[in-house]
Amino acid sequence: MLIDSRRRALLVGTASAALLSLIPASAKAATRLDAAGFLQLSQDLADRQDLDPDLAASYLAAFESLGKGEALVRLSTMAPAERDSQHLAEEIVAAWYTGTVSLDSGQKLVAYEDALFWESLDYTKPPGICSSEGFGSWAKEWKP
Amino acid sequence: MSQRYDCDVAIIGAGVAGALVADALAGALSVMLLDAGPRVDRGEAYDRFLQAAIKTPQAPYPESDLYPFPRSEKIDDWYVQAGPETFAATYLKLVGGTTWHWLGTTPRFVPDDFRLQSKFGRGLDWPLDYAALEPWYAKAEAALGVAGPEGEDPLSPRSGPYPLPPIPLSYLDRQLGEALAGTPFADLRATPQARNSIAYRDRPACCGSASCIPICPIGAKYDAALHCQMAEAKGARLLDRAFVVALESGADGEITRAKVRMTDGDEAWVYAKVFVLAAHAIETPRLLLNSASEAFPMGLANSSDQVGRNLMDHPVQLSWALSDAPLWPYRGPLSTSGIETPRAGDFRAERPAYRIEIQNAGWSWPTGAPETTARALIAQGLRGDALDHALKNRSARQLAISSLTEQLPNPENRIDLDPALKDHYGVPRPRIRYAYDDYTQAGLEAARAAHNEIFRHVGTSEINHDKRVQSAQHIMGTLRMGKDPALSVVDPDLRAHQHRNLFVMGSAVFPTGAVANPTLTIAALSLRAVDPIRRAASG
């Protein structure tokens, strides 16, 4: 995995698991990862720094609505080695790429056109959106 | 409260068949067009599509117990499956019918499709031949706005050109065409399709949205809401959210009135000189069976006991592979070419015809790509630029092809009324018995071999053949047409043998299913039936 080690260190330094363990369980349950925290977590997990803050808030809300609020807080406090192997960590990256949060507890569409995999598939666009080149564009070989 | 309506012709079902007939008769006759489902606002449907987490074919369309129809992700909520196979073909209840989410593919039948028994000793012959239907195919192509290749069609002789110039082959099509030159699959050609290649009858040219299924955002693909509007403009009265529960008849077989339940709870009665049933191949037999009376204890039009029998689909072999070279799929209409050669030949005595459809949408049908591709690469641990590159590289090489095979009519494959389970209106839900025979299995096997050959010539790895038999979503055969009242439900004019003023439209009347996507043949038969309906209403 290609996660920048400096950012890993930063994350561990700012919200250490050791510190959180001193807080009573009831207070921990009320703790909530804010949008900025989720954005940072997402950027670390996805290894890209260009994620959209507004979308981060929407993805965070979707994960929380599917019952993952506390799990996100825990994830954000883990050491990178432990964190990156968590299923939830993978799901965060998958959500950004597919635009959909997909968990056992449910599925929520957060973004359609803004799902990151359409950036990767830069030779096309999502179904339902007209091609910017219009009629017959599909006949051409794609060239960057 | 109960409302009474009177008209010359009552058409039940506002899909392509009912809408075309309504449009042809409106003006000269008083026409009512009823549909169990609501009108569709394209913009609202499009928004529902964008917002749906899982973009099934039904995702853009409203869901209600008041007009239930099968939804792909929970098909057993509507069909009562009596096995052994699961019947997975769906339809919509909407004004405009299932053409809202059809692909738009409009091949004609080939002449041998009408004489399967006399030529190959299989199934049965149609009571009419290709030559009799040819002029109506031409009219249907004009009505739907079919774009097709120039020049002669080697399989289905034409009296004139297609009304619209062809939809261009995709880059992917052309790469396959080049790779298959000199092979038995060399005749890869542009598919005739009811999709505008130029502006035609107030609809724009295709913009390449690549969402023909489940919705065309701009109406470049034909849907029957168009002919519903045209019929209304000529004076036809369209009643949506109006479910016909049963037809009533006199002892002489004359249909007198239709009992209608409106979704708002009201009841209505429609009186007409002629009734035209166009509610597709599950709902029309369901209605006839539910209309059983003392005079007609087996249901209406059912003295042959053929109502609901001979249910057919086009069982599909779906295969996919990773091309060595990029093909740049996920662009353009979902399919723009096919290989039609295996639709004709003496082999049909031993195994079915099939039609190879080249998919433009990568692995979206078989695997749910590109979403699943992204998830798989993420699960492998790829991130950042490496993930971007892998996603693009892999998706650009995803190739899928599908073959629709011919399924012979089998009286044991049937829809009838479930004895226990009922819908909101107390009408029994459709119970379906469905199986594949050895003939179909031989066709699927032949298709797999053909797909392997094609993949080999193209240059691919990771070849997969779907182990499930996929549905082409083509429901056919449950009210077969024939000359003999003892063996069929309707005559070649689509009039019920038993009821002078009852007509049946749609693929339900197909004696055999061939492998052509059925909509154009539905349209041609419906237009051909207009004069007999008019005469019956005037007589």
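Simple rule: put +1 on each Lys or Arg Cβ and -1 on each Asp or Glu Cβ in the protein assembly as shown, find the dipole, and look at B:Leu33, B:Val274, B:Pro352; the Cα lying farthest toward the positive end is B:Val274. Annotation for A:Ala71 and A:Ser105: the two label points, set 7 Å from Cα along the Cα-Cβ direction, are 0.7 nm apart.
Please return the longest range in chain B lying between exposed loop sites, taking trypsin sites (Lys or Arg not before Pro), DSSP loop only, at most 16 other beta-carbon atoms within 10 Å, and leaving the sites out. For trypsin sites (Lys or Arg not before Pro) (loop position, at most 16 other Cβ atoms within 10 Å), the longest site-free span of chain B is B:235-466. Note on B:Glu254 and B:Leu421: the model spin-label points, each 7 Å out from Cα along the C-beta direction, lie 4.0 nm apart. Sort the range B:472-539 into rounded, prolate or oblate with this rule: let a ≥ b ≥ c be the square roots of the eigenvalues of the Cα gyration tensor; rounded if a/c is under 1.5, and if a/c is not under 1.5, prolate when a/b is larger than b/c, oblate otherwise. Oblate, since a/c reaches 1.5 and b/c is not below a/b.
On full extension, the segment bounded by B:Gln117 and B:Ala82 gains 9.7 nm, given 0.36 nm per residue less the C-alpha separation. Inter-label distance, B:Asn464 to B:Glu350: 3.2 nm, where each label sits 7 Å from its Cα along the C-beta direction.
Lacking any other cysteine beta-carbon closer than 4.7 Å, the following Cys residues of chain B have no compatible partner: B:Cys7, B:Cys206, B:Cys212, B:Cys216, B:Cys228.
Stretching the chain fully between B:Asp6 and B:Ala449 yields a gain of 153.8 nm (0.36 nm per residue, less the alpha carbon separation). Within the same chain, lysines fewer than 8 places from B:Lys74 are excluded, and of the rest, those with a Cα less than 24 Å from its Cα are A:Lys108, B:Lys55, B:Lys93, B:Lys422, B:Lys467. For the range A:39-78, what does the alpha-carbon gyration tensor say about shape, rounded, prolate or oblate, given a ≥ b ≥ c as the root eigenvalues, a/c under 1.5 as rounded, and a/b over b/c as prolate? It is oblate, given that a/c is not under 1.5 and a/b is not larger than b/c. Here's the picture: a label point sits 7 Å out from the Cα of B:Arg39 along the beta-carbon direction, and within the range B:224-249 the residues with their amide nitrogen under 14 Å of it are B:225-242.
The numbers here are math on the coordinates, done by the rules we state, and not lab data. Just so it is clear, the structure is predicted and the values come from calculations on it, not from any experiment. We place every Cβ from the backbone using ideal geometry, glycine too, and count neighbours over all the protein chains shown.
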